[in-house]
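J.: Input: one structure, supplied below.
The values are calculated or read from the model by the stated rules, or taken from the named source; none is laboratory data. Source: prediction; values computed, not measured. For neighbour counting, all protein chains shown are included, and Cβ atoms are generated from backbone atoms with ideal geometry for every residue, glycine included.
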Amino acid sequence: MAGVVVRRGAIAVGAVVTVALVGVGGCKAQPVDSDGKAQPVRISPTKTDPGGSDTPSGTEEKPDEKSGERSGETPEGTPTPVPTPTPAPKTFLAPGQRGDQVRELQARLRQIAWLFEDPSGTYGSSTTNAVRGFQDKRGLPSTGTTDTVTWQKLVAMTREPTKYQLYSGGGIPASKPDKRCLTGRVLCISKESRTLTWMVDGKAVSTMDVRFGSQYTPTRDGTFTVYWKSRHHVSTLYDTAMPYALFFSGGQAVHFSSDFAATGYNGASHGCVNVRDKKKIASLFAAVEKGDKVVVYK
């Protein structure tokens with residue numbers, strides 16, 4: 001404090017006036033009451049957080065910059081992530097269906113010995129049982145219905161079936177007829193589709209499955225004519241029955257084969273064109289005349 005002597009003034013000479021120096025040293029002015037008495041400065045109490053740091057009361061805590069929540073607090077109301085469920089397999093093929101995809105399913109099952117019948121294109125009981133066994137072996141639901149998971153596993157274990165595997169039991173659609181078959185009366189024989197189509201003036205009358213000679217006794221390709229018909233023929237060379245024989249080239253003939261009917265394409269002829277459907281070859285034998293054309297092509 002500093003004493004100041006007032007030489008001229010209205011109050012008193014030599015009175016000492018208490019002066020509050022404001023702003024000196026950065027201090028804050030102390031309040032006084034109406035009588036001029038100094039009032040105590042009240043300091044707000046402090047609070048201590050659990051971590052031991054003091055924060056003045058009334059001071060709001062700042063949110064955590066990253067989470068947006070108050071530092072040290074666990075976010076509330078945040079939903080727990082729910083894993084996306086695996087979609088259920090969809091039905092790919094089912095019992096009772098028919099068509100090319102069923103035929104492929106059957107051919108693939110034959111490749112890995114789950115089905116022993118020739119593909120028919122019909123999803124019957126034997127196919128259902130084969131699918132059920134395949135599923136059970138691999139820990140899949142053994143429903144007998146081919147779902148997408150079953151189909152993918154089967155495809156991964158097999159190869160794409162050939163046309164002859166798809167039609168090991170016959171029934172291959174006939175190939176486009178050779179142009180030599182489009183006029184007159186013709187036995188149109190395709191090695192590619194393994195079919196014989198009886199054609200009259202360019203129109204197909206009937207079609208049947210056939211098989212040919214082996215690589216050592218091949219069936220000759222070319223254009224021929226029927227020169228002999230023999231209903232109850234027996235081969236003198238092989239001592240084998242050749243009913244409904246239609247000879248067209250040397251000893252080679254179109255005829256019924258009981259072996260072809262029994263074993264399918266597991267065997268071969270000695271050069272003849274074998275037919276396995278006895279009713280069809282009997283009807284053909286009755287319709288064909290000597291001199292009718294025979295065309296054998298690849």
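J.: Which residue is farthest from D201 (Cα to Cα), if the candidates are limited to region 164-190 and must be without any contact (Cβ under 8 Å) to a residue 24 or more places away in the chain and of a type in the set (D, E, K, R)? Show your work before the answer.
T.: The initial filter retains those residues of region 164-190 that are without any contact (Cβ under 8 Å) to a residue 24 or more places away in the chain, namely 173, 175-176, 179, 182-183.
When the remaining residues are screened for being of a type in the set (D, E, K, R), the result is 176, 179.
Details: K176: 15, K179: 12 Å.
Step by step, filter region 164-190, then rank; the result is K176.
J.: Right, here's the next one. What pairs can you find where one residue is in region 90-104 and on the phi > 0 side of the Ramachandran plot and loosely packed, with under 14 Cβ neighbours inside 10 Å, the other is of a type outside the set (F, W, Y) and outside any helix (DSSP H, G or I), and their Cβ atoms are less than 7 Å apart, with a gap of 6+ or different chains?
T.: Note: pairs meeting the criteria are G99/G121.
J.: Would you call W151 closer than 21 Å to A282 by Cα and among the hydrophobic types (A, V, I, L, M, F, W, C)? Explain how you work it out, then say what you get.
T.: Numbers: closer than 21 Å to A282 by Cα: no; among the hydrophobic types (A, V, I, L, M, F, W, C): yes.
So W151 fails the test.
J.: Take the residues in region 262-296 that are modelled with pLDDT under 95 and touching a helix residue (DSSP H, G or I) at 6+ places or on another chain (Cβ under 8 Å), then tell me which one is nearest to A204 (Cα to Cα).
T.: Looking at residues that are modelled with pLDDT under 95 and touching a helix residue (DSSP H, G or I) at 6+ places or on another chain (Cβ under 8 Å), I get Y265.
J.: Taking K279 as the residue in question, decide whether it is touching a residue at least 24 places away in the same chain (Cβ under 8 Å), outside any strand (DSSP E or B) and surrounded by fewer than 20 Cβ atoms within 10 Å (Cβ to Cβ). Show your work before the answer.
T.: Values: touching a residue at least 24 places away in the same chain (Cβ under 8 Å): no; outside any strand (DSSP E or B): yes; surrounded by fewer than 20 Cβ atoms within 10 Å (Cβ to Cβ): yes.
Criteria not met by K279.
J.: To continue, here is another question. Among the residues of region 253-263, are any surrounded by 14 or more Cβ atoms within 10 Å (Cβ to Cβ), in contact (Cβ under 8 Å) with a residue 40 or more places away in the chain and in contact with a Gly (Cβ under 6 Å, 6 or more places away or on another chain)?
T.: Scanning region 253-263 turns up no residue that is surrounded by 14 or more Cβ atoms within 10 Å (Cβ to Cβ), in contact (Cβ under 8 Å) with a residue 40 or more places away in the chain and in contact with a Gly (Cβ under 6 Å, 6 or more places away or on another chain).
J.: Criterion first (free of Cβ contacts under 8 Å to residues at least 24 places away in the same chain and closer than 22 Å to G169 by Cβ) does G144 satisfy it? I'd like the intermediate steps shown before the answer.
T.: Details: free of Cβ contacts under 8 Å to residues at least 24 places away in the same chain: no; closer than 22 Å to G169 by Cβ: yes.
No: the conditions fail for G144.
J.: For region 229-250, which residues satisfy the criterion of being exposed (fewer than 14 other Cβ atoms within 10 Å of the Cβ) and either under 45 Å from the mean Cα position of the chain (by Cα) or of a type outside the set (K, R) (or both)? Give the derivation first.
T.: Filtering region 229-250 for residues exposed (fewer than 14 other Cβ atoms within 10 Å of the Cβ) gives 231-232, 234, 236-239, 250.
Correct list: H232, V234, T236, L237, Y238, D239, G250.
J.: Here's another thing I want to ask about it. Just to be sure, is G171 assigned by TED's automatic domain parsing to the domain that holds A130, in a loop (DSSP other than H, G, I, E, B) and either within 25 Å of L115 (Cα to Cα) or under 35 Å from the mean Cα position of the chain (by Cα) (or both)?
T.: Details: assigned by TED's automatic domain parsing to the domain that holds A130: no; in a loop (DSSP other than H, G, I, E, B): yes; either within 25 Å of L115 (Cα to Cα) or under 35 Å from the mean Cα position of the chain (by Cα) (or both): yes.
Judged against the criteria, G171 is not a match.
J.: Determine whether D118 is part of a helix (DSSP H, G or I) and surrounded by fewer than 19 Cβ atoms within 10 Å (Cβ to Cβ). Before you say what the answer is, go through the steps one by one.
T.: Values: part of a helix (DSSP H, G or I): no; surrounded by fewer than 19 Cβ atoms within 10 Å (Cβ to Cβ): yes.
Criteria not met by D118.
J.: Can you tell me which residue within region 204-228, out of those that are in contact with a helix residue (DSSP H, G or I) (Cβ under 7 Å, 6 or more places away or on another chain) and not hydroxyl-bearing (S, T, Y), is surrounded by the most Cβ atoms within 10 Å (Cβ to Cβ)? Give the steps one after another, and end with the answer.
T.: Applying the first criterion (in contact with a helix residue (DSSP H, G or I) (Cβ under 7 Å, 6 or more places away or on another chain)) to region 204-228 yields 206, 208, 211, 223.
With not hydroxyl-bearing (S, T, Y) added as a condition, the list becomes 208, 211.
On the way: M208: 19, R211: 24.
If we take residues in region 204-228 being in contact with a helix residue (DSSP H, G or I) (Cβ under 7 Å, 6 or more places away or on another chain) and not hydroxyl-bearing (S, T, Y), then R211 is surrounded by the most Cβ atoms within 10 Å (Cβ to Cβ).
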